[in-house]
1. Please say if segment 119-160 is rounded, prolate or oblate, where rounded means a/c under 1.5 for a ≥ b ≥ c the square roots of the C-alpha gyration tensor eigenvalues, and otherwise the choice is prolate for a/b larger than b/c and oblate otherwise?
2. Under the Karplus relation 6.51 cos²θ - 1.76 cosθ + 1.60, θ = phi - 60°, what is the ordered set of whole-Hz ³J(HN,Hα) values for segment 134-148, x standing for Gly and Pro?
3. Using helices alone, I'd like the mean residue ellipticity at 222 nm for the chain: each DSSP H run of four-plus residues gives -39500 (n - 2.57), total over residue count, nearest 500.
4. For all pairs of alpha-carbon atoms in segment 80-188, what percent lies in each bin of width 5 Å, listed from the first bin to the last filled one?
5. If you wrap a convex hull around the C-alpha atoms of the chain and split its volume per residue, what is the figure in Å³?
6. Got the relative contact order for the chain handy, in percent, Cα pairs under 8 Å and 6 or more residues apart?
7. Within the chain, what is the longest stretch that has no trypsin sites (Lys or Arg not before Pro) placed in a DSSP loop and near at most 14 other beta-carbon atoms within 10 Å?
8. In whole Hz, with x marking every Gly and Pro, tabulate ³J(HN,Hα) for segment 172-185 from phi via Karplus 6.51 cos²θ - 1.76 cosθ + 1.60, θ = phi - 60°.
Amino acid sequence: MCHHPRVIPPDLASRLLPRDAPLADPAPFRHAAVLAALLPGDDPRIVLIERAGHLRNHAGQLAFPGGKPEPTDADLLETALREAEEEVALPRGQVKILGRLPAVPVPTGFIVVPFVGLIEGDWQPRWDVGEVTAVLTPTLRELADPARYRHLGTREWNGIHYALHEYQIHTPPLWGATARMVHDLLHRMDLGPASQDE
């Protein structure tokens with residue numbers, strides 16, 4: 001029997017930003033927060049949602065659970081955990097937060113702060129049909145498969161240069177800000193195609 005190397009590195013937390021690392025003032029934008037939740041196991045998976053087609057922003061796109069802070073959220077981590085609970089019925093007590101990825105600006109005027117966590121114990125996704133069409137759990141190996149990945153060049157937006165990535169794991173494919181976060185996370189795990197925008 002062949003033994004696969006550990007897909008989720010045991011030192012992943014040390015490869016991420018600390019969960020409470022200082023954030024730059026987002027003005028004139030606003031912060032939003034998402035949760036990149038990993039399902040550990042022999043073939044680890046990551047949780048994505050397909051956003052409902054009628055939503056005002058990012059309709060039909062693949063994304064991480066997340067959204068805008070509510071006044072009752074103590075911080076952005078609570079925003080990410082609350083949204084994951086609301087959107088995919090992931091209890092916050094089942095998420096072990098490992099750290100954060102660098103914030104990603106999006107053209108809708110938000111700077112998105114992605115938190116990375118491990119799901120502990122059994123979890124069955126249920127989703128809010130008002131916001132979510134489907135919950136996807138692609139394996140990290142699928143995302144790291146070079147045959148599913150396309151580098152679509154670079155763009156400049158508001159003076160920021162960034163690479164465009166696409167992962168053909170679904171219809172529609174994973175692209176945009178979430179693909180940039182996935183690319184960053186895979187890179188930190190030593191997975192996936194070599195980055196072409198470093």
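1. oblate
2. 3J(HN,Hα) across segment 134-148, in whole Hz: 7, 10, 10, 10, x, 6, 4, 5, 4, 5, 7, 6, x, 5, 9.
3. Only helices count here, giving -5000 deg cm²/dmol.
4. Answer for segment 80-188: a P(r) of 2, 10, 18, 21, 23, 17, 7, 2, 0 percent.
5. Spelled out: Cα convex hull of the chain, divided by residues, is 132 Å³.
6. 23 percent.
7. It runs 127-198.
8. x, x, 7, 8, x, 4, 5, 5, 5, 5, 4, 4, 4, 5
Every number in this text was worked out from the coordinates using simple rules, so none of it is lab data. Model, not experiment: these values are computed from the prediction. FYI the Cβ positions are ideal-geometry reconstructions off the backbone, even for glycines, and counts take in every protein chain you see.
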